[in-house]
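Below is one structure; the comments refer to it alone.
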Amino acid sequence: MAKSFHAQWSSRMTFILAATGSAVGLGNIWRFPYLTGDSGGAAFVLVYLICIALIGVPILVSEWLIGRRGQSNPVNSLSKLARESGRSQGWMVVGISGVLGAFLILSFYSVIGGWSLSYTLSSLTGEFSGQDAATIEGLFGDFLGSPGLLLLWHSIFMALVLGIVAFGVNRGLERAVRVLMPALVVLLVILVIYGIFGGHFGEALAFMFAPDMSAFTGDVILAAMGQAFFTLSLGMGIMIAYGSYLGQDVKLLGAARTVIIFDTAIAILAGLAIFPIVFANGLDPSEGPGLIFVTLPIAFGGMAAGWILGLIFFLLLTFAALTSAISLLEPVVEMLEERTPLSRVPATVVAAFAIWGLGIAALLSFNVWDVPVLFGLNIFNLLDTVTAKILLPLTGLGAVLFVAWQLDRKSVESELGLSGTTATVWNIVARFIAPIGVILVFIFSF
Ligand code: PHE
């Protein structure tokens with residue numbers, strides 16, 4: 001392919017699948033339930049849903065729009081659009097901080113991807129079959145306590161990501177998303193049904209949807225906004241890059257609706273699958289990052305032939321994690337390729353190695369190096385907090401401010417197919433509600 005020709009998605013469907021593949025991942029099934037449990041339940045869920053609707057939608061659309069108009073990587077797209085509309089080149093910062101965020105997130109994301117891989121194998125060998133809750137909790141504790149094992153699985157996960165990105169087999173993966181994502185939904189639904197009959201479903205519903213007013217603290221609100229960014233892969237240049245392969249015919253708002261409904265549904269289903277099991281087994285919902293790795297093996301271990309479901313579940317989770325991880329590595333590699341003399345394969349190797357190294361610091365936070373290094377947080381929590389709660393929201397804020405205030409308003413409206421009332425709603429949300437929302441959350445939480 002000639003350098004001057006910028007690739008395009010083969011169809012609207014491919015684009016939506018790729019964006020969904022990036023969005024749906026550990027964020028939905030691992031991070032959402034554990035944060036919900038950690039943050040007192042329904043208050044977190046409610047703020048998260050509001051953030052998705054009022055902040056997530058306009059920022060997702062803005063990132064795609066920047067990419068489609070710029071037809072290039074995030075940094076160059078912003079630079080080009082800023083130049084064309086006579087704005088400051090300083091807007092390039094939005095692209096640069098996105099790449100930095102991707103680098104930091106992948107380091108700890110890969111550690112959890114490794115857990116998922118390891119649990120796939122343990123399900124296969126029947127390690128959880130017939131075990132009680134205490135044993136399964138103990139197994140997870142032992143796993144976290146072994147730096148060597150965590151390192152092994154983190155390395156395997158990172159090697160998979162490296163292989164996929166270096167050899168550019170993303171296309172095949174996109175096709176696989178078409179089958180595997182629906183399979184993931186089916187499996188989650190089975191688990192929810194299991195929870196309805198075999199768990200404390202009513203308690204789970206109340207926990208997730210009946211907010212307790214005192215739970216709306218600054219911390220919970222900031223965590224919920226961070227999760228909205230994390231789960232939609234926003235604030236990282238990924239959606240800008242995906243937008244740059246997009247033809248003019250795709251309706252951005254419609255595409256955003258599809259991706260967001262799917263992503264949110266998976267997160268809510270994951271919560272509805274997990275909390276009935278948590279309450280039925282007297283587990284602690286605020287167990288933390290280990291939540292799904294303790295609760296789901298208990299459920300699978302107690303079902304007839306549950307190991308098969310466990311195996312399929314952790315395989316699908318690993319797959320969902322991989323499609324998100326490759327979308328995280330991509331911008332870092334693209335940046336190295338375009339800004340250094342490295343070609344694709346060496347650039348991928350260098351990026352993957354650096355990320356892998358940082359991941360080691362993250363995995364040691366679960367055992368030998370569980371000490372506060374900054375703001376009272378260990379490395380793992382620090383990486384997670386700095387990215388989700390600070391870097392992503394600020395970068396996303398930059399993207400929506402740029403589109404809503406710096407680009408020609410009429411041209412944005414016509415690109416989104418808006419007029420009259422719909423255009424007014426868009427302008428109110430994108431110009432005021434979303435940016436002010438992000439800023440207020442920051443002010444409120446500090
Ligand atoms: N959205 C992905 C998830 O929910 C994680 C991710 C974040 C992927 C940011 C890419 C960029 O798991």
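Summary table below
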item	result
Filter result (in a helix (DSSP H, G or I) and of a type in the set (D, E, K, R)) within segment 78-132	Lys80, Arg83, Glu84
Test result for Tyr34, within 16 Å of the ligand (Cβ to nearest atom) and farther than 26 Å from Gly398 by Cα	yes
Boolean, Val111 is touching a residue at least 24 places away in the same chain (Cβ under 8 Å), over 30 Å from Ala404 (Cβ atoms) and surrounded by 19 or more Cβ atoms within 10 Å (Cβ to Cβ)	yes
Residues of segment 391-446 classified as surrounded by 13 or more Cβ atoms within 10 Å (Cβ to Cβ) and in a loop (DSSP other than H, G, I, E, B), total	3
Single unsatisfied condition, Phe366 versus (1) in a helix (DSSP H, G or I); (2) touching a residue at least 12 places away in the same chain (Cβ under 8 Å); (3) buried (at least 19 other Cβ atoms within 10 Å of the Cβ)	(1)
Condition broken by Met303, with the remaining ones in (1) of a type in the set (A, V, I, L, M); (2) surrounded by fewer than 21 Cβ atoms within 10 Å (Cβ to Cβ); (3) at pLDDT 90 or above satisfied	(3)
Selected residue (only one of Leu296, Leu329 is within 16 Å of the ligand (Cβ to nearest atom), modelled with pLDDT of 90 or more, in a helix (DSSP H, G or I) and within 26 Å of Asn381 (Cα to Cα))	Leu329
Number of positions in segment 62-108 that are away from the ligand (no atom under 16 Å from the Cβ) and among the aromatic types (Phe, Trp, Tyr)	1
Qualifying residue in segment 372-383 (condition: closer than 25 Å to Ser123 by Cα, more than 15 Å from the ligand (Cβ to nearest atom) and crowded, with 16+ Cβ neighbours inside 10 Å)	no
So Ile238, is it within 16 Å of the ligand (Cβ to nearest atom) and among the aliphatic types (A, V, I, L, M)	yes
Every residue from segment 151-188 that is over 21 Å from the mean Cα position of the chain (by Cα) and at pLDDT 95 or above	Leu151, Leu152
Filter result for Thr323 (of a type outside the set (A, V, I, L, M), out of contact with any Gly (no Cβ under 6 Å at 6 or more places or on another chain) and surrounded by 15 or more Cβ atoms within 10 Å (Cβ to Cβ))	no
Out of Pro33, Pro74, sole residue that is more than 18 Å from the chain's Cα centre (by Cα), buried (at least 23 other Cβ atoms within 10 Å of the Cβ) and in contact (Cβ under 8 Å) with a residue 12 or more places away in the chain	Pro74
Residue in segment 211-227 that is in contact with a helix residue (DSSP H, G or I) (Cβ under 6 Å, 6 or more places away or on another chain), among the polar types (S, T, N, Q), buried (at least 23 other Cβ atoms within 10 Å of the Cβ) and part of a helix (DSSP H, G or I) present	yes
Single condition Tyr242 does not satisfy, out of (1) over 12 Å from the mean Cα position of the chain (by Cα); (2) part of a loop (DSSP other than H, G, I, E, B); (3) not hydrophobic (A, V, I, L, M, F, W, C)	(2)
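The values are calculated or read from the model by the stated rules, or taken from the named source; none is laboratory data. All of these numbers come straight from a predicted model, not from anything done at the bench. Glycine also receives a Cβ, built like all others from the backbone with ideal geometry; neighbour counts cover every protein chain displayed.
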